[in-house]
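Below: the structure, in structure tokens.
The values are calculated or read from the model by the stated rules, or taken from the named source; none is laboratory data. Note that the coordinates shown come from a computational prediction; the quantities given were computed from them, not determined experimentally. Quick reminder, even Gly has a Cβ in these numbers, built from the backbone with ideal geometry, and neighbours come from all protein chains shown. With ligands, DNA and RNA removed, areas are computed over all heavy atoms of the protein, side chains included. Shrake-Rupley method; radii C 1.70, N 1.55, O 1.52, S 1.80 Å.
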Amino acid sequence: MKQSLVDDTEDVSLDFGNEEELALRKAKIRHPLATFFHLFFRVSAIITYLFCDWFSKSFVACFVTILLLLSFDFWSVKNVTGRLMVGLRWWNQIDEDGKSHWIFEAKKVSLNNSTGTEAEARIFWLGLIICPLIWTVFFFSTLFSLKLKWLALVIAGISLQTANLYGYIHCKIGGQKSITKVTSRFLSQTVFQRMRKPRPRQIK
């Protein structure tokens, strides 16, 4: 029984390019500056809110500083870090008739484009979800401790950071039209499965 053997001197081309790019995508942070500022402004706003009494006795100075940090965070996350780290962006557009339209976009992920890595995406979503929860805790703490002068600032923090979270969730799942399609598809499948269930026979 003859067997064909491959000559050891032959060059066998092995494609390791995709594996290397996949490994880089999982481990490397492509946009360190965007990743830094994605967390810097929102974490700075929380730290300043917690310890502002140590730095200044002026309520107005603390209020303005925290509000500026929250505004910088909203702008940078909406316009820069979301696009670079996860390939998502959202904005509002007004047409010629004066109607307002919300647009949610998601960039197709490929190994050759400038979309962020998995590590950057994890950092992006953790920062986007955890910080609004912290401001929600601040809301209840100010409400129960009757520190009502801080209530407007806390509500501003919740509003700005929840707006970004809401917009990027819509980008991730494909916008309002996709939500409607997913919901209608789920309901139709549920109704169809219930109709197909065999009914138990009645014993006479």
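If I model a spin label at Lys107 and Val137 as a point 7 Å from the Cα along the Cα→Cβ vector, what separation in nanometres do I get?
3.3
Taking 25 Å as R0, compute the FRET efficiency from the Cβ-Cβ separation of Leu68 and Asn92 and round it to 0.05.
Values: r = 22 Å, r/R0 = 0.90.
Calculated transfer efficiency: 0.65.
Could you derive backbone 3J(HN,Hα) for region 143-150 from the dihedral phi with the Karplus parameters 6.51, -1.76 and 1.60 (θ = phi - 60°), listing whole Hz in sequence and x where the residue is Gly or Pro?
Each residue's phi maps through the Karplus curve to give 5, 6, 8, 6, 8, 5, 5, 8 Hz.
Just to be sure I understand the model, the point goes 7 Å from the Cα along the line to the Cβ. What's the resulting Lys147 to Ser44 distance in nm?
Result: 2.1 nm between the two label points.
Not counting ligands, DNA or RNA, and with a 1.4 Å probe, what is Cys52's accessible surface area in Å² rounded to the nearest 10?
Rounded to the nearest 10, that gives 0 Å².
Provide the gained length on full extension for the span Ile130 to Glu118, in nm with one decimal, where the gain is 0.36 nm per separating residue minus the Cα-Cα distance. The partial results should precede the final answer.
On the way: separation 12, 0.36 × 12 = 4.32 nm, distance 1.80 nm.
Difference between extended and current length: 2.5 nm.
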